[in-house]
Amino acid sequence: MRDVRMTDIFAHHIAQKYVTRSGLVHAITVAYYAYRFALEQGADVDSAAKAGFLHDIGHHTWYKNGKWDYELYRQNDIHAIKGAERAHKLLIRLGENPVKAKEISLAILFHTDSYFPGGEIVRTPLQSIIKQADEKDEEPGGSHHYRKIEQNRAYRLLERLDHKIDQVYEKKIS
Ligand SMILES: [Fe+2]
């Protein structure tokens with residue numbers, strides 16, 4: 001039994017504000033990739049889909065004179081740290097299992113090494129899955145953050161993903 005569904009997350013005002021900011025299409029695409037990789041690699045599909053959907057929820061908009069400033073972003077970005085915290089708060093508010101909320105939050109924290117000054121991170125399978133899923137949807141110049149989608153269509157895609165996750169869980173139980 002899942003405590004929180006993808007559509008619950010999507011409907012919450014925190015997700016509406018911040019997931020939309022960094023690109024709803026990218027968030028949904030990464031959620032689907034993460035689900036698929038988790039299924040292939042025997043990881044938890046529910047945690048993977050949630051971490052995939054929320055991985056960029058910590059983004060700040062580094063604009064200067066109306067344009068994205070990569071230099072500011074590169075120097076000051078902590079979106080994975082902020083995202084881990086924001087996603088955790090959101091999940092707990094929605095009633096997520098705290099063990100799962102922590103696992104998802106850590107997968108968001110380690111989904112990129114763009115903000116680390118170097119050195120190797122040893123990732124858990126779930127943490128690697130989110131990194132791979134994100135990289136699979138990256139486009140040059142960051143344009144993956146700007147693709148548009150209607151709210152209704154986004155909701156339906158997440159509903160479909162919920163259904164797929166339910167099916168995996170049902171199979172595990174039976
Ligand atoms: Fe991303």
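Given the structure, is Ala87 among the small types (Gly, Ala, Ser), at pLDDT 95 or above and in contact with a Pro (Cβ under 9 Å, 6 or more places away or on another chain)?
So Ala87 does not fit the description; no.
List, please: which pairs have Cβ atoms under 6 Å, are six or more places apart or on different chains, and start with a residue in region 158-169 that is under 19 Å from His26 (Cβ atoms) and end with one that is among the small types (Gly, Ala, Ser)?
Leu161/Ala49
If you go through region 79-92 one residue at a time, do you hit one that is closer than 20 Å to Asp137 by Cα, surrounded by fewer than 18 Cβ atoms within 10 Å (Cβ to Cβ) and more than 16 Å from the ligand (Cβ to nearest atom)?
Within region 79-92, not a single residue is closer than 20 Å to Asp137 by Cα, surrounded by fewer than 18 Cβ atoms within 10 Å (Cβ to Cβ) and more than 16 Å from the ligand (Cβ to nearest atom).
Quick one: how many residues across region 93-135 are closer than 22 Å to Leu24 by Cβ and exposed (fewer than 14 other Cβ atoms within 10 Å of the Cβ)?
Residues that pass the stated criteria total 3.
When the residues of region 18-29 are narrowed to those that are more than 9 Å from the ligand (Cβ to nearest atom) and touching a residue at least 12 places away in the same chain (Cβ under 8 Å), which ends up surrounded by the fewest Cβ atoms within 10 Å (Cβ to Cβ)?
Top of the filtered list is Arg21.
Yes or no: Tyr32 surrounded by 14 or more Cβ atoms within 10 Å (Cβ to Cβ), free of Cβ contacts under 8 Å to residues at least 24 places away in the same chain, in a helix (DSSP H, G or I) and within 15 Å of the ligand (Cβ to nearest atom)?
Answer is no for this residue.
On the given criteria, is Glu71 away from the ligand (no atom under 16 Å from the Cβ) and modelled with pLDDT of 95 or more?
no
Please enumerate the residues belonging to region 117-134 that are touching a Ser or Thr at 6+ places or on another chain (Cβ under 8 Å) and within 13 Å of the ligand (Cβ to nearest atom).
Lys131, Asp134
Can you spot a residue in region 39-62 that is in a helix (DSSP H, G or I) and free of Cβ contacts under 8 Å to residues at least 12 places away in the same chain?
Checked against the condition, which is being in a helix (DSSP H, G or I) and free of Cβ contacts under 8 Å to residues at least 12 places away in the same chain, region 39-62 yields at least one hit.
Inside region 139-154, can you point out the residues that are surrounded by 13 or more Cβ atoms within 10 Å (Cβ to Cβ) and touching a His at 6+ places or on another chain (Cβ under 9 Å)?
Matches in region 139-154: His144, His145, Tyr146, Arg147.
The values are calculated or read from the model by the stated rules, or taken from the named source; none is laboratory data. Bear in mind the structure is a predicted one, so any value in this text is a computation, not a measurement. Virtual Cβ from ideal backbone geometry, glycine too; neighbours counted across all protein chains shown.
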